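Have a look at the structure below, then the notes.
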Amino acid sequence: MTETQTATASEVNRVSVIGAGTMGAQIAMVAALAGFSTDLIDIQDQQLEQARTGLAKRLDRDVQKGRRSQDEVDTAWARLNLTTDRDAAAKQSDFVIEAAVEDLGIKKSLFSELDELCPPHTILATNSSNIVSSRIAEATNRPEKVCNMHFFNPALVMKCVEVVPNPQTSAETVATTTALAEAMGKDPVQLHKEVPGFVANRLLNALRKEALDLYNKGIVDFQDIDTAAKTALGHPMGPFELMDLVGIDVVYLIRLAEYEQTGDPASLPDPAVKELYEAGRYGRKSGHGWYSYES
Ligand SMILES: NC(=O)c1ccc[n+]([C@@H]2O[C@H](COP(=O)([O-])OP(=O)(O)OC[C@H]3O[C@@H](n4cnc5c(N)ncnc54)[C@H](O)[C@@H]3O)[C@@H](O)[C@H]2O)c1
């Protein structure tokens, strides 16, 4: 491999996942289960411990339910290294998946430092849902090796991975990222162009917007909208049930962040969602959202 080449899928042996939170912990285990030597990196030992405990609980349950063998799980644990030594891990990494906090400043400085530390062939991907990689690529000297690789929560279960190139991303980077997602047992979706929200979340937002519009106009109760989504469209849950699951606070704050970026009043949170947010009705996590979960 010459220094300027991009790692091909077969040359990816070691994967680094940055950030051991909700997404990073499971993405790292997906990589380890798929046979990659994997470093899961965080700045806090406590986050790594939480990741270890959370993953152990989930995988033990998978073994008990016969979804995975104990042997498969033990081998994956042996391939997974949990560490705060980012620099040592980055130096050996063929592919980085960044899943740190959703903060442009943090991501830019991380990518700039990773660019210095990682071998020249290494692809630097971000799992960000809202920050397109063109905003991060400029912090590196390898924008052609930067893209979004967007997993869904829970990453151990959800099959979709969106591969999103920025205008400078090379075809080789897209090919390796897509092949890596496939090697991880996922069904990658390849976008040709960068667009905020990518594909799945745009579809979800369109459905949610229409559902809220029908409800706000007093045309139909929200429970009946959920029923129609399930019984006519075959969705596993309706848009209001899904908002409660994701968290009304998350739904509200994502729209607010979007408004702050676009300045477009159409991006503002829906008034009914705002009302629930201000009343502290965050959905399942608070016992009350659109529905009540107190019983
Ligand atoms: N939560 C979701 O449902 C979801 C789904 C898809 C994509 N994403 C994206 O994944 C990313 C992570 O989201 P999350 O929900 O897992 O966040 P989280 O808050 O659960 O975890 C973030 C982790 O990053 C760590 N971290 C912060 N700065 C760091 C640094 N400089 N180096 C290493 N680690 C650092 C934190 O300690 C924390 O453990 C975000 O970009 C988000 O947009 C989230």
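Here are some notes:
- The chain: DSSP helices with Cα axial extent of at least 15 Å and average Kyte-Doolittle hydropathy no lower than 0.0: 22-33, 104-117, 171-183, 248-262
- Springs between Cα atoms under 10 Å define the GNM used for the chain, and in it the highest mean-square fluctuation of Leu124, Leu204, Leu114 occurs at Leu204.
- Computed over the chain: relative contact order in percent, which uses C-alpha pairs under 8 Å that are six or more apart: 14 percent
- Förster-model FRET efficiency, 51 Å R0, Ala257 and Ser10, C-beta, rounded to 0.05: 0.85
- Relative contact order, percent, the stretch 200-284 [alpha-carbon distance under 8 Å, six or more residues apart]: 25 percent
- Net length available on complete extension from Ala206 to Cys160 is 14.7 nm, with 0.36 nm assigned per residue and the Cα-Cα distance removed.
- Among Ser109, Ser93, Ser129, the largest mean-square fluctuation in a Gaussian network model of the chain, built with springs joining Cα atoms closer than 10 Å, belongs to Ser109.
- Extended-chain gain in nm, criterion 0.36 nm per residue less alpha-carbon gap, Arg52 and Asp74: 6.6 nm
- For the stretch 200-284: rounded, prolate or oblate by the Cα gyration tensor [a/c cutoff 1.5]: prolate
- Sorting 13-20, 258-265, 277-284 by average packing, meaning the other beta carbons within 10 Å per residue, from highest down gives 13-20, 277-284, 258-265.
- Apolar share of the accessible surface for the stretch 120-193: 52 percent from carbon plus sulfur atoms, 1.4 Å probe.
- Stokes-Einstein translational diffusion, the stretch 9-190 - Kirkwood Rh over all Cα pairs, 0.890 mPa s, 25 °C, in µm²/s: 153 µm²/s
- Ordering of 231-237, 80-86 by burial proxy (mean other Cβ atoms within 10 Å per residue, highest first): 80-86, 231-237
- Between the beta carbons of Thr227 and Asp87, assuming R0 = 35 Å, the FRET efficiency works out to 0.05 to the nearest 0.05.
- Qualifying trypsin sites (Lys or Arg not before Pro) in the stretch 192-222, where qualification requires a DSSP coil assignment and no more than 12 other C-beta atoms within 10 Å, comprise Lys193, Lys217.
- Rolling a 1.4 Å probe over the protein heavy atoms gives the chain an accessible area of 49 Å² per residue.
- Within a straight-line Cα-Cα reach of under 30 Å, Lys285 can be paired with the following lysines, leaving aside sequence neighbours fewer than 8 residues apart in one chain: Lys57, Lys65, Lys107, Lys159, Lys186, Lys209, Lys217, Lys230, Lys274.
The values are calculated or read from the model by the stated rules, or taken from the named source; none is laboratory data. On a predicted model such as this, the values are computed, not experimentally measured, just so you know. Heads up, the Cβs are rebuilt from the backbone with ideal geometry, glycines too, and the neighbour counts pull from every protein chain shown. Ligands, DNA and RNA are excluded from the accessible area calculation, which covers all protein heavy atoms including side chains. Shrake-Rupley method; radii C 1.70, N 1.55, O 1.52, S 1.80 Å.
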